[in-house]
Amino acid sequence: MASQTPAVVMDNGTGYSKLGFAGNDSPSFVFPTAIATKGPAGGGGGTGSGRPAVANKPNFLSGGAGGHLSGKRGTEDLDFFIGDEALTAASGPGYGVHYPIRHGQIENWDHMERFWSNSIFKYLRVEPEDHHFLLTEPPLNPPENRENTAEIMFESFNCAGLYIAVQAVLALAASWTSSKVQDRSLTGTVIDSGEGVTHVIPVAEGYVIGSSIKSIPIAGRDITYFVQSLLRDRGEPDSSLRTAERIKEEFCYVCPDVVKEFSRFDREPEDRFKKYDVRQPGGRSVTVDVGYERFLAPEIFFNPEIYSSDFLTPLPNIVDTVIQTSPIDVRRGLYKNIVLSGGSTLYKDFGRRLQRDIRHLVDARIKDSEVRAGGQARSGGLDVQVITHKRQRHGPWFGGSLLGQTPEFKSYCHTKAEYEEIGPSIVRRFALLGGPGST
Amino acid sequence: MLLLDYQNVLIESLLRDRLAPDASPSSVDQIVSDFDNVTFHISTPESKSKILVSITIKCWKELVTYGAQAILDREYGPYIVQPEQGYDFSVQVDLDTMASKPQEEKDELVRRVSLLKRNAMAAPFEQAFDEFASLQDQAKNYSSETAPQGVREGGEVRAIHYREEEAIYVKASHDRVTVIFSTVFKEETDRVYGKVFLQEFVDARKRGVQNAPQVLFRHDAPMELQGQPGLRGGRGENVGYVTFVLFPRHLTPQKRDETISHIQTFRDYFHYHIKASKAYIHSRMRRRTADFLQVLRRARPEEADAGKERKTASGRTFRAQA
C-alpha cells in the first residue's frame, strides 16, 4: 500500500516547518515551529524533558504534581495548537507558546512529538502507516537525536519507512534544477541563511565535512533590525519590525559597489528612492520613504562592520576559509559549486556579488603564490561558481521532495521491520540518497 | 484537537487565499494525499485563475454504484468538469467569476470544495438513510409478525472497500441503520490500545451517554455480513469488526450530515487517538526517566573524606585515619 502513496517530506527548522508531499515543487504548509499548550510559556525548556527545574523534592513515585502533563488524567494532552494557530492562541489568555526546536536541534521531545502528531493528522491528513517519511536534520546533529526521532516516528506513528537527510545535502540536491549545474554531484559548499543564523557547510560526495563548518551570527533577523534602525534614525512615521521586514523583502538588493551606489542614488533619486505605504492598525495609512537601506541592508553580509561591532569577517572570506580548511582534494569541487539556500539569500545579485568577491580572494592568493614561486610555476586558475536557483527559499525541502519521488527512495528508507530487528541505532547510518550510482 | 477535521485543510486554505479580495492569482500544481488512500490534485492547467481540484478514491467504482454521482452533482453542480486523466472526479473553480460574488458565497464554495472527499464518501450512507426512511414507512403498516421478508430483514448490505484490507458495510433496516467497520491492526501494540478504546466505545452507553449509538465489537464477522465476499475473522486473525447501530434519532434530516461526517472519520479518528495516547505515554515515560535520573544524580557517593582535617567540638583539629 505504501508503495503508491507519495512520501511525506517534513523539514522542521528553528523558525519554520515546511511540510508537504514528495514530487511537488513547493511545500503544502509552511508555518512556525511553535506549539501552544495550556499554561504559561516555558522560558528555558533546555532540559531534555522540557520541564523547569523543580525546587521542592519531587515525589517520583506519584509522578509528581504540578503543571506537567503526566499529572493529568483527562484529555489535556490533546489541548494544544501548532503553527500559526499556536501564535493566535498564545496571544489570548490561557495558552503559552513553546518552540521545540532551538538552533536547528530538537530540544523538547514531548512538544515535538505532539507537533508531529498534529502536523500529520490535522494538516497533511495522512495515515502514517501508509507513507514513507523524509525528515531533515541540521549538520552535526547528535546521533542520539536521530534515534529519538526514529523512536517517535516508528513507535508512535508506525510510519512505513523513514529517511533522515542532512539539510545541507538536500540543499545541494535542490540546486540540480539550476541550468548552471551539469553534473548532479553532491560536492559543494552550501550557504544556508535563514532567520536566525547563517551556516557555511562544505559537503564532499554527500558527506558533511563537520570540522570545517562555520556559522555567522548575521542572518535575516539582523537585516530586519538593521533596516529598522535606519528607519528610526531617519525618523520615519512607521518603523515597526513588520514594516522593516516588508521593506527588506520587497525593496532590498545587493549592489556591486557601495560608494558608486550612493552616488547613483544621488544622481537619479526618482528611480532609486521608493515609497512604501503602511496600513497601520486602526485604519491609518502612512507613507515610509525607502532609501539607501535598499542596498545597505544586505551589505551587512559583505561589510559586517556597518552593523555589528563584534563580528567583522565578511561572508566571502568565511566561505574562502571554510573551503581552505577542507581536505585539499575536494577544494576545487567546493569552489565550483557554491549553493545558496534559505530566505536571506534571495536578494537580487547576492550570488553574483558573492561569486565576484570570492573570485577576487582566490585570484589574489594564486597571484601571490605565483610571485613567491618566482615565475617558476603557473596556475591553471580556479573556477569559482555560485549557483542561484529558483527553489532557494525552501531549498532543503525541495531537495527532499526531489529525492523523495525517485523510485529508489523507498529502498533507501529504513522500514519498521528493520527498526524492530535492530533497534533505534539503525538510523545512525543511512545509505546516501542521490549519491553516485543512483539516478 | 479531539475530533479530526472533515475538510481538507490545504484545499480550504488555498482556495481561501486565492478568493481573498486582494489576492493575485498564481499557478499551483500540487498532488496531496488525504486519509484512506485518497489523492487530490490541485492545479491550474489552463490559466492562473482557474483552479482544478481532482480527486481519486480507491473505492470510486463502488461509490458510483451507491449514487455518488448524484450527490456530487447536487453539491458541485455548475463546477463539475470532465474528470482529469487518471482521476475520478474534478471540479473547477474560476476565480474571475467568483471575484464579484458576495463573501458568503465564496465561503460556501470553499467549504464545499474542501469537503470533496467527505461528500464523495457520503453516498452509500445517504442511500442507506433514505432506504431506512422508506422501510420505516412501510413497517408502519405491519406488526413485527406480519411484515414481509424485505421489510423485516432490511435492505442489502452496501460494502465500501475503502482501504486494501478494511471495509465499511452499511445496512438499513426499518428501525435502524447498521454501520460495520472491519479493522486490521498491523501492530500488536496498536491492537492492545485499540481494544481499550473500543471497550470505551462499547461502554459509553452504560456511563450515561444515552444518546450515543450502540457500539459492538467482535473478532468474527457479525450476522449482518453473512454472505459478503472476502470476510476474514476468528481469533487467530488481527481483524476486528466494530458495529455502530444508528437509531432513528441519529437519522433525522437535521442530524444526518453530522452523523455521516462523524462516522466516516471513525477509522482515522481511532488511529489518531491511538497515536496520541502513545505520545502521551511517551511523555510520561520521559518525565519518569528524568525523575529517576535526578534521584541517581543525588545519590552520588560523597567525596571520600579520608585524610581530611577535622575539627572537634572544642576546636582542636586532627586527621581522620583512613
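Would you tally the residues in region B:19-30 being surrounded by fewer than 18 Cβ atoms within 10 Å (Cβ to Cβ) and facing another protein chain (nearest Cβ under 8 Å)? Explain how you work it out, then say what you get.
So the first thing to find is which residues in region B:19-30 are surrounded by fewer than 18 Cβ atoms within 10 Å (Cβ to Cβ), and the list is B:20-29.
Subset that is facing another protein chain (nearest Cβ under 8 Å): B:29.
Within region B:19-30, residues that are surrounded by fewer than 18 Cβ atoms within 10 Å (Cβ to Cβ) and facing another protein chain (nearest Cβ under 8 Å) number 1.
Among what's in region A:124-151 and is closer than 19 Å to B:Ile281 by Cβ and in contact with a strand residue (DSSP E or B) (Cβ under 9 Å, 6 or more places away or on another chain), pick the residue that is most open to solvent (accessible area, probe 1.4 Å). Full working, then the answer.
Within region A:124-151, the subset closer than 19 Å to B:Ile281 by Cβ is A:128-129, A:147-151.
From what's left, in contact with a strand residue (DSSP E or B) (Cβ under 9 Å, 6 or more places away or on another chain): A:128, A:148-150.
Numbers: A:Pro128: 0, A:Asn148: 52, A:Thr149: 13, A:Ala150: 0 Å².
Step by step, filter region A:124-151, then rank; the result is A:Asn148.
Would you tally the residues in region A:258-303 being in contact with a helix residue (DSSP H, G or I) (Cβ under 8 Å, 6 or more places away or on another chain), over 16 Å from A:Arg234 (Cβ atoms) and touching a residue at least 24 places away in the same chain (Cβ under 8 Å)? Break it down into steps so the answer makes sense when it comes.
Narrowing region A:258-303 to residues in contact with a helix residue (DSSP H, G or I) (Cβ under 8 Å, 6 or more places away or on another chain): A:258, A:261, A:264-265, A:272-274, A:276, A:278, A:288-303.
From the residues that got through so far, the ones that are over 16 Å from A:Arg234 (Cβ atoms) too are A:258, A:261, A:264, A:298-303.
Right, trim to touching a residue at least 24 places away in the same chain (Cβ under 8 Å) and you get A:258, A:261, A:298-303.
Looking only at that region, the number is 8.
Of all residues in region A:183-202 being within 14 Å of A:Arg332 (Cα to Cα) and of a type in the set (Gly, Ala, Ser), which is surrounded by the most Cβ atoms within 10 Å (Cβ to Cβ)? Before the answer, list the steps.
Taking region A:183-202 and keeping what is within 14 Å of A:Arg332 (Cα to Cα), we get A:185-189, A:202.
Restricting the remaining residues to those that are of a type in the set (Gly, Ala, Ser) gives A:185, A:188.
Values: A:Ser185: 19, A:Gly188: 26.
So, considering only residues that are within 14 Å of A:Arg332 (Cα to Cα) and of a type in the set (Gly, Ala, Ser), the one surrounded by the most Cβ atoms within 10 Å (Cβ to Cβ) is A:Gly188.
Have a look at B:Lys58, B:Lys48, B:Lys117, B:Lys101 and point out the one that is in a loop (DSSP other than H, G, I, E, B) and within 19 Å of B:Tyr169 (Cα to Cα). It would help to see each step written out before you state the result.
Numbers: B:Lys48 fails: within 19 Å of B:Tyr169 (Cα to Cα); B:Lys117 fails: in a loop (DSSP other than H, G, I, E, B); B:Lys101 fails: within 19 Å of B:Tyr169 (Cα to Cα).
None of the others qualify; the one that does is B:Lys58.
Right, A:Phe154: open to solvent by less than 10 Å² (accessible area, probe 1.4 Å), touching a residue at least 40 places away in the same chain (Cβ under 8 Å), within 26 Å of A:Ala417 (Cα to Cα) and part of a helix (DSSP H, G or I) or not? Please lay out each step first, then the result.
Details: open to solvent by less than 10 Å² (accessible area, probe 1.4 Å): yes; touching a residue at least 40 places away in the same chain (Cβ under 8 Å): yes; within 26 Å of A:Ala417 (Cα to Cα): yes; part of a helix (DSSP H, G or I): yes.
Criteria met by A:Phe154.
Return the pair list, or none, for Cβ contacts closer than 9 Å from residues in region A:129-148 that are among the hydrophobic types (A, V, I, L, M, F, W, C) to residues that are open to solvent by 20 Å² or more (accessible area, probe 1.4 Å) and not in a loop (DSSP other than H, G, I, E, B), at least 6 apart or on different chains.
Filtered contacts from region A:129-148: A:Leu140/A:Gln105; A:Leu140/A:Val208; A:Leu140/A:Gly210.
Residue-wise test of (1) open to solvent by less than 60 Å² (accessible area, probe 1.4 Å); (2) in contact with an Asp or Glu (Cβ under 6 Å, 6 or more places away or on another chain); (3) more than 25 Å from A:Asp257 (Cβ to Cβ).
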position: A:Pro316; (1), (2), (3): yes, yes, no
position: A:Asp320; (1), (2), (3): yes, no, no
position: A:Asp329; (1), (2), (3): no, no, yes
position: A:Ser341; (1), (2), (3): yes, yes, yes
position: A:Leu382; (1), (2), (3): yes, no, no
position: A:Ser401; (1), (2), (3): yes, no, yes
position: A:Lys410; (1), (2), (3): yes, no, yes
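Among the residues of region B:1-18 satisfying the criterion of being away from chain A (no Cβ under 11 Å) and surrounded by 18 or more Cβ atoms within 10 Å (Cβ to Cβ), which is modelled with the highest pLDDT?
Here the answer is B:Leu15.
Given the residues A:Ile328, A:Ile323, which is the only one that is of a type outside the set (Gly, Ala, Ser) and out of contact with any Leu (no Cβ under 8 Å at 6 or more places or on another chain)? If you could, list the steps in order and put the result at the bottom.
Details: A:Ile323 fails: out of contact with any Leu (no Cβ under 8 Å at 6 or more places or on another chain).
One residue alone meets the criteria, A:Ile328.
Of everything in region A:343-374, what is part of a helix (DSSP H, G or I) and among the small types (Gly, Ala, Ser)? Give them in sequence order.
Pass one, region A:343-374, residues part of a helix (DSSP H, G or I): A:343-345, A:350-372.
Of everything in region A:343-374, those that are part of a helix (DSSP H, G or I) and among the small types (Gly, Ala, Ser) turn out to be A:Gly343, A:Ser344, A:Gly351, A:Ala364, A:Ser369.
Out of (1) open to solvent by 70 Å² or more (accessible area, probe 1.4 Å); (2) touching a Ser or Thr at 6+ places or on another chain (Cβ under 9 Å); (3) within 30 Å of B:Gln136 (Cα to Cα), what's the single condition that is false for B:Glu258?
Of (1) open to solvent by 70 Å² or more (accessible area, probe 1.4 Å); (2) touching a Ser or Thr at 6+ places or on another chain (Cβ under 9 Å); (3) within 30 Å of B:Gln136 (Cα to Cα), only one is false for B:Glu258: (2).
Here is a check on your reading of the model: is B:Gly154 modelled with pLDDT under 85 and either in contact with a His (Cβ under 7 Å, 6 or more places away or on another chain) or in the same structural domain as B:Asn37 (by the TED database) (or both)?
Criteria met by B:Gly154.
Any chance region A:49-70 includes a residue that's hydroxyl-bearing (Ser, Thr, Tyr), under 27 Å from B:Phe35 (Cα atoms) and either at pLDDT below 90 or surrounded by fewer than 20 Cβ atoms within 10 Å (Cβ to Cβ) (or both)?
Keep residues of region A:49-70 that are hydroxyl-bearing (Ser, Thr, Tyr), which gives A:49, A:62, A:70.
Imposing the further condition that a residue be under 27 Å from B:Phe35 (Cα atoms) reduces the set to none.
No.
Would you point out which residue out of B:Gln92, B:Gln103 is surrounded by fewer than 19 Cβ atoms within 10 Å (Cβ to Cβ) and more than 14 Å from chain A (Cβ to nearest Cβ)?
On the way: B:Gln92 fails: surrounded by fewer than 19 Cβ atoms within 10 Å (Cβ to Cβ).
Step by step, each of B:Gln92, B:Gln103 is checked, and only B:Gln103 is surrounded by fewer than 19 Cβ atoms within 10 Å (Cβ to Cβ) and more than 14 Å from chain A (Cβ to nearest Cβ).
Among the residues of region B:252-276, count how many are facing chain A (nearest Cβ under 8 Å) and not basic (Lys, Arg). Quick ask: steps written out before the conclusion?
Taking region B:252-276 first, the residues facing chain A (nearest Cβ under 8 Å) are B:268, B:271-272, B:275-276.
Subsequent filtering for residues that are not basic (Lys, Arg) retains B:268, B:271-272, B:276.
Residues meeting the conditions: 4.
Looking at region B:158-227, what strands (runs of 3 or more DSSP E) fall wholly within it and have at least 1 residues that are over 23 Å from B:Leu135 (Cα atoms) and open to solvent by 60 Å² or more (accessible area, probe 1.4 Å)? Write out each step before concluding.
Details: elements: B:168-172, B:177-184, B:214-218.
By residue number, B:214-218.
The values are calculated or read from the model by the stated rules, or taken from the named source; none is laboratory data. Being a predicted model, the structure only gives us computed values, none of them experimental. Positions of Cβ are backbone-derived with ideal geometry, glycine not excepted, and every protein chain shown enters the neighbour counts. Note: accessible area is taken over every heavy atom of the protein model, side chains too, but ligands, DNA and RNA are not part of it. Shrake-Rupley method; radii C 1.70, N 1.55, O 1.52, S 1.80 Å.
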